[in-house]
Amino acid sequence: WDNADFSRGVGTTFYQEFLTLNTAKPPFIRDVEAKVRRYVKSSYSAAWTLKITWVKAPAYTARTDTRRTITYQAVLTTDGFRSYVLMLYQEGGMQWDYTRLTATNVLIGYT
C-alpha cells in the first residue's frame, strides 16, 4: 500500500466500519463471513469489520504516470478472538506497470 501516490489529486481512499456484535448483519458482512469460513474451514461470526478502499490509486511516483490506476480493498475483520484480512483487487489484478516502480521486487498482499 505504500507505493500508491495521491499527491497529484488522482484517486482517493475511504473506509467504512461495521460494528456487528448482536446486530443485524448487512449483506457485505455476510459475504465476508462466508469468505472467511470458506478459506479457513471453520465457523466465523464477525463482531467488527473495517473495509478500506483505494479508488483509482496511481503508483508512486504519480509525477511520471497517472493513467494506470488500481482500485483495491483491504477488509479487516475479527470475532474478538481471531482476526483476518481479505485483500481484494479489481478484476484483472494489479494494473500498475511494476517495471516503472522505484523497487521492482513487488508483492501483492502481505507477509
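See the values below:
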| quantity | calculated |
| --- | --- |
| Of all residues making up region 18-60, the number that are touching a residue at least 40 places away in the same chain (Cβ under 8 Å), within 22 Å of Ala4 (Cβ to Cβ) and surrounded by fewer than 18 Cβ atoms within 10 Å (Cβ to Cβ) | 3 |
| Residues of region 2-44 satisfying the condition of being on the phi > 0 side of the Ramachandran plot and not polar (S, T, N, Q) | Gly9, Gly11, Lys41 |
| Residue list for region 1-52, restricted to those being among the hydroxyl-bearing types (Ser, Thr, Tyr), in contact with a Leu (Cβ under 9 Å, 6 or more places away or on another chain) and over 19 Å from Thr78 (Cβ atoms) | none |
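None of the figures in this text is laboratory data; all of them are computed from the coordinates on show. Computed from a predicted model, the values in this text were never measured in an experiment. Neighbour counts are summed over all protein chains in view; Cβ atoms, including those assigned to glycine, are modelled from backbone coordinates with ideal geometry.
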